[in-house]
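Take a look at the structure set out below.
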Amino acid sequence: MTTNFLPVLEKSLNTEPVIIAGPCSAESLDQVLITARQLKAIGVKIFRAGVWKPRTRPGGFEGHGNKALEWMKIVRQETGMLTATEIGCAAHAEAAVKAGIDIIWIGARTTASPFAVQEIANSLCGYDIPVLIKNPACVDIDLWIGAVERLYNRGLRRLAAIHRGFKIPELNHLRNAPLWDKVQIFRKTVPNLPILCDPSHIGGSRSKISAISDEAFERCYDGLIIESHYNPDTALTDSFQQICPDQLAHIMKKWTQR
Ligand code: PEP
Ligand code: MN
């Protein structure tokens with residue numbers, strides 16, 4: 001395993017710590033713009049929104065796709081924030097790069113598929129774009145390391161990991177278990193790879209986000225990716241876990257003062 005991951009993400013982005021925030025899904029131009037303006041006002045520099053939504057079962061809201069990429073461009077132009085979105089296949093990767101998305105991430109469901117990750121890695125070969133790799137939902141640290149390696153082997157160097165928790169049986173107080181000690185094994189295997197925490201998908205509800213973020217802070221994570229919506233109750237996806245920008249401002253305080 002090659003462990004020489006340089007340059008690290010936060011240096012290449014020139015933001016320290018890395019705080020990425022925005023809605024689970026891009027729902028409309030108004031929704032992304034209103035949310036982005038509020039996030040910018042509290043000091044967030046990187047705006048996230050899902051434009052393709054991987055749903056466990058068909059029939060739910062699956063994102064606005066290419067139309068939403070246009071909204072992300074407008075967010076970038078209007079606010080000057082960097083934009084980040086999830087990709088799940090090579091076609092998404094190509095569309096995101098073409099639309100000028102600044103940072104892409106590979107979601108938990110995709111990290112679990114070596115074929116999909118390899119196709120994404122092949123399609124990104126030659127692009128100097130930061131890629132964040134979420135852990136797979138199953139407790140398989142090697143699968144996560146393998147996804148990092150597939151990107152690294154195709155020349156991508158601006159890489160970072162995201163700990164978004166693991167699906168384990170009979171977990172009732174959180175949506176996904178933050179297996180901090182298991183993730184420590186991952187961190188030791190790829191020691192130069194920055195790691196962010198996604199407390200939203202770990203917690204699954206608004207009241208849990210702050211304590212999980214604090215735990216990541218104590219464990220010297222490099223930053224957070226948090227779902228935030230100007231009106232979480234109306235969100236089309238993950239409504240229960242999205243927080244308002246003013247709640248995020250409290251959570252961010254200790255990170256920006258570090
Ligand atoms: C997301 O970030 O909106 C998402 C779908 O996350 P995950 O891949 O961690 O489930
Ligand atoms: Mn989500």
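The values are calculated or read from the model by the stated rules, or taken from the named source; none is laboratory data. As the structure is a prediction and not an experimental result, all values here were calculated from the model. Reconstructed Cβ throughout: ideal geometry from the backbone, glycine too, with neighbour counts over all protein chains shown. Heads up: the accessible areas ignore ligands, DNA and RNA and are worked out on the full protein's heavy atoms, side chains in. Shrake-Rupley method; radii C 1.70, N 1.55, O 1.52, S 1.80 Å.
Just to verify a result, which residue in the stretch 73-89, among those that are under 25 Å from GLY43 (Cβ atoms) and within 15 Å of the chain's Cα centre (by Cα), is surrounded by the most Cβ atoms within 10 Å (Cβ to Cβ)?
THR83
Scanning the stretch 28-54 for residues that are touching a Gly at 6+ places or on another chain (Cβ under 9 Å) and open to solvent by 10 Å² or more (accessible area, probe 1.4 Å), which turns out nearest to ligand 2 (Cβ to nearest atom)?
LYS53
Would you mention how many residues in the stretch 202-230 are over 13 Å from ILE243 (Cβ atoms), within 16 Å of ligand 1 (Cβ to nearest atom) and either open to solvent by 40 Å² or more (accessible area, probe 1.4 Å) or in contact with a Gly (Cβ under 9 Å, 6 or more places away or on another chain) (or both)?
Number satisfying all stated conditions: 2.
Look at ARG55 and say whether it is modelled with pLDDT under 95 and within 15 Å of ligand 1 (Cβ to nearest atom).
yes
Per-residue answers, yes or no, for (1) farther than 21 Å from ILE162 by Cβ; (2) touching a helix residue (DSSP H, G or I) at 6+ places or on another chain (Cβ under 6 Å); (3) touching a residue at least 12 places away in the same chain (Cβ under 8 Å):
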position	(1), (2), (3)
ILE74	yes, no, yes
GLN77	yes, no, no
TRP105	no, no, yes
ALA108	no, no, yes
THR111	no, yes, yes
VAL117	no, yes, yes
CYS125	yes, no, yes
LEU132	no, no, yes
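In this structure, does GLU78 turn out to be within 16 Å of ligand 1 (Cβ to nearest atom) and among the acidic types (Asp, Glu)?
no
Residues being open to solvent by 10 Å² or more (accessible area, probe 1.4 Å) and in contact (Cβ under 8 Å) with a residue 40 or more places away in the chain: count how many of those fall in the stretch 135-145.
3
In the stretch 90-105, what residues are open to solvent by 10 Å² or more (accessible area, probe 1.4 Å), more than 23 Å from ILE42 (Cβ to Cβ) and not in a helix (DSSP H, G or I)?
Scanning the stretch 90-105 gives ALA99, GLY100.
Of all the residues that make up the stretch 109-133, how many are within 16 Å of ligand 1 (Cβ to nearest atom) and open to solvent by 10 Å² or more (accessible area, probe 1.4 Å)?
5
Quick check on my filter: what residues within the stretch 153-192 are in contact with a Leu (Cβ under 8 Å, 6 or more places away or on another chain) and either of a type in the set (S, T, N, Q) or open to solvent by less than 30 Å² (accessible area, probe 1.4 Å) (or both)?
LEU156, LEU159, ALA160, ALA161, ILE162, HIS163, GLY165, PHE166, ALA177, ASN192
Out of the helices (runs of 4 or more DSSP H) lying entirely within the stretch 174-257, which hold 3 or more residues that are farther than 18 Å from ALA49 by Cα, away from ligand 2 (no atom under 15 Å from the Cβ) and among the hydrophobic types (A, V, I, L, M, F, W, C)?
Result: 180-189, 209-218, 245-256.
Tell me which of these ASN176 doesn't satisfy, since it passes every other one: (1) touching an Asp or Glu at 6+ places or on another chain (Cβ under 6 Å); (2) within 13 Å of ligand 1 (Cβ to nearest atom).
(1)
Sort through ILE145, ILE133, ILE162 and tell me the only one that's within 21 Å of ILE202 (Cα to Cα), out of contact with any strand residue (DSSP E or B) (no Cβ under 6 Å at 6 or more places or on another chain), of a type outside the set (Lys, Arg) and not in a loop (DSSP other than H, G, I, E, B).
ILE145
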